[in-house]
Amino acid sequence: MNLFEVTPEVLCPNRYLQYVTHAEVGAVTLFSGIVREWTNGKRTLFLEYEAYVPMAEKMLTEIGADIQRKWPGTRIAIAHRIGKLQISETAVIIAVSSPHRQIAYEANEFAIEQIKKLVPIWKKEIWEDGEKWVGGQTYKPL
Amino acid sequence: MNLFEVTPEVLCPNRYLQYVTHAEVGAVTLFSGIVREWTNGKRTLFLEYEAYVPMAEKMLTEIGADIQRKWPGTRIAIAHRIGKLQISETAVIIAVSSPHRQIAYEANEFAIEQIKKLVPIWKKEIWEDGEKWVGGQTYKPL
Amino acid sequence: MIHLYYFAQIKELTQKKEETILWADGTVAELVKWADETYPGFTDYSWQVAVNEEYVLETEQINPGDTVAFIPPVSGG
Amino acid sequence: MIHLYYFAQIKELTQKKEETILWADGTVAELVKWADETYPGFTDYSWQVAVNEEYVLETEQINPGDTVAFIPPVSGG
């Protein structure tokens with residue numbers, strides 16, 4: 001029913017939009033996380049994404065299930081790209097459909113927040129004068 | 001800089017996603033309003049959209065300008081389709097880009113709320129046993 | 001002369017999309033009076049008025065050459 | 001035996017992506033002790049541990065056949 005993937009292939013928005021669209025859908029939101037050239041005045045040349053693929057896909061699936069529990073009637077597709085990404089390429093796509101629009105926005109934003117907290121994917125920024133793994137928020141089990 | 005159109009052509013999400021993407025963009029949100037088959041237990045066969053096209057495009061442009069004043073650094077593309085639309089076809093697309101994601105969600109949702117309040121576009125629902133122009137919210141000038 | 005546009009349910013009442021009428025001068029309220037006489041039931045409908053593609057109040061003046069649209073409650077999106 | 005995965009900055013410290021090591025039994029804390037002895041500086045890094053693709057606490061038991069991953073602060077999206 002849902003679609004969750006971590007892939008080295010270029011992400012195509014239509015694939016995910018179509019996946020979540022069916023006759024009861026009134027609204028689809030799509031989030032696309034894009035490789036930005038400038039961060040805090042520092043110029044990024046490109047990014048390298050790495051993932052613990054089976055666990056990442058499993059956690060994306062759990063995030064999707066969580067969303068459907070919180071907001072019944074939604075359908076979700078999430079894809080995260082790995083490997084070398086150039087400026088303006090898409091690193092992550094989240095598509096959420098719902099009969100009504102407010103839930104589609106809310107559930108979509110929830111998904112990206114959860115991804116940034118929980119899913120084992122890492123980003124290395126490569127600049128002209130160096131590189132660094134970006135350490136984001138850390139998940140602490142209780 | 002921005003793109004606002006009211007058109008009888010099928011709306012292609014990629015056109016609007018690409019339009020708002022540039023080197024400083026970190027997040028793009030896309031909203032797609034879809035023709036739903038079932039509304040309050042009533043089955044829709046298809047929809048007819050009509051617009052006062054020049055005023056509608058002008059107001060979309062104003063909504064875009066308003067968003068850029070409220071959230072500097074965003075870029076916006078909005079398209080609304082008119083004519084006969086089948087179930088699961090896209091009636092409206094809103095693409096918003098921003099360096100950071102929260103603004104992209106917020107500005108996108110603001111855009112659809114404004115469209116539903118202000119822009120001279122009308123929807124007629126056609127059922128098996130009748131049809132009706134849908135009267136939404138009404139704009140009251142002070 | 002002024003040019004008038006009708007949309008959605010209003011268009012179905014007037015049985016026309018647009019027309020040009022003679023107009024010396026007057027307010028939106030006066031045009032509404034004319035419309036209600038010409039198309040019985042016109043004021044039973046809900047609409048806003050736009051002059052030259054801007055929403056206006058009923059006290060707004062309409063001048064020859066203006067374009068006036070009757071805008072029923074919108075339902076785009 | 002258990003299978004270990006290293007990612008991102010941890011992978012650069014260990015100079016390997018994965019390895020299989022002998023393991024009778026013990027907790028995550030004991031594996032961490034082994035890792036710090038094997039790869040000096042290991043505990044200077046920040047990471048969570050996942051056993052069989054689930055985040056766990058340091059008190060969790062690791063059994064032969066398990067897959068253990070060291071998960072530095074994630075930065076996907």
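Structure notes:
- Output for region D:21-32, where each listed residue is of a type outside the set (Gly, Ala, Ser) and in contact with a helix residue (DSSP H, G or I) (Cβ under 9 Å, 6 or more places away or on another chain): D:Ile21, D:Trp23, D:Val32
- Within region B:86-101, being polar (S, T, N, Q) and under 19 Å from B:Ala65 (Cα atoms) holds for B:Ser97, B:Ser98.
- Some residue of region C:13-25 being touching a His at 6+ places or on another chain (Cβ under 7 Å), surrounded by fewer than 12 Cβ atoms within 10 Å (Cβ to Cβ) and more than 14 Å from chain B (Cβ to nearest Cβ): yes
- Taken as a whole, the condition of being surrounded by 14 or more Cβ atoms within 10 Å (Cβ to Cβ), under 25 Å from C:Glu54 (Cα atoms), out of contact with any helix residue (DSSP H, G or I) (no Cβ under 7 Å at 6 or more places or on another chain) and not basic (Lys, Arg) does not apply to B:Glu89.
- Residue match in region A:15-32 (condition: surrounded by fewer than 17 Cβ atoms within 10 Å (Cβ to Cβ) and of a type in the set (Ser, Thr, Tyr)): no
- Taken over region A:1-47, the residue count meeting the criterion of being free of Cβ contacts under 8 Å to residues at least 24 places away in the same chain and touching a Ser or Thr at 6+ places or on another chain (Cβ under 8 Å) is 2.
- Failed criterion for B:Leu30 (all others in (1) assigned to a strand (DSSP E or B); (2) facing chain C (nearest Cβ under 10 Å); (3) touching a Pro at 6+ places or on another chain (Cβ under 9 Å) hold): (2)
- Residue satisfying all of: in region D:58-77; over 12 Å from the mean Cα position of the chain (by Cα) and more than 29 Å from A:Glu5 (Cβ to Cβ); farthest from the other protein chains (Cβ to nearest Cβ) among these: D:Pro64
- Top-ranked residue of region D:1-12 - restricted to ones that are assigned to a helix (DSSP H, G or I) and in contact (Cβ under 8 Å) with a residue 24 or more places away in the chain, ranked as farthest from the other protein chains (Cβ to nearest Cβ): D:Ile10
- Of the residues making up region C:1-50, those that are more than 22 Å from B:Leu118 (Cβ to Cβ) and of a type in the set (Lys, Arg) are C:Lys16, C:Lys33.
- Residues in region D:26-51 that are part of a loop (DSSP other than H, G, I, E, B) and facing another protein chain (nearest Cβ under 9 Å) were compared, and the one that is nearest to A:Glu50 (Cα to Cα) is D:Trp47.
- Looking across region B:1-20 at every residue that is in contact with a strand residue (DSSP E or B) (Cβ under 6 Å, 6 or more places away or on another chain) and assigned to a loop (DSSP other than H, G, I, E, B), the one that is farthest from A:Pro99 (Cα to Cα) is identified as B:Asn2.
- Counted as qualifying within region A:71-142 are the strands (runs of 3 or more DSSP E) with 3 or more residues that are more than 10 Å from chain D (Cβ to nearest Cβ), namely A:75-81, A:83-86, A:90-98.
- Taking the conditions (1) modelled with pLDDT under 95; (2) surrounded by fewer than 17 Cβ atoms within 10 Å (Cβ to Cβ) in turn, D:Asp36 satisfies each one other than (1).
- So A:Pro54, is it within 30 Å of B:Gln114 (Cβ to Cβ) and either out of contact with any Phe, Trp or Tyr (no Cβ under 9 Å at 6 or more places or on another chain) or not polar (S, T, N, Q) (or both): no
- When A:Ala56, A:Ala65 are screened for being of a type outside the set (D, E, K, R), surrounded by 19 or more Cβ atoms within 10 Å (Cβ to Cβ) and at pLDDT 95 or above, only A:Ala56 passes.
The values are calculated or read from the model by the stated rules, or taken from the named source; none is laboratory data. Note that the structure is predicted; figures quoted are calculated from it, not measured. Using ideal geometry, Cβ is built from the backbone for each residue, glycine included, and neighbour counts are taken over all protein chains shown.
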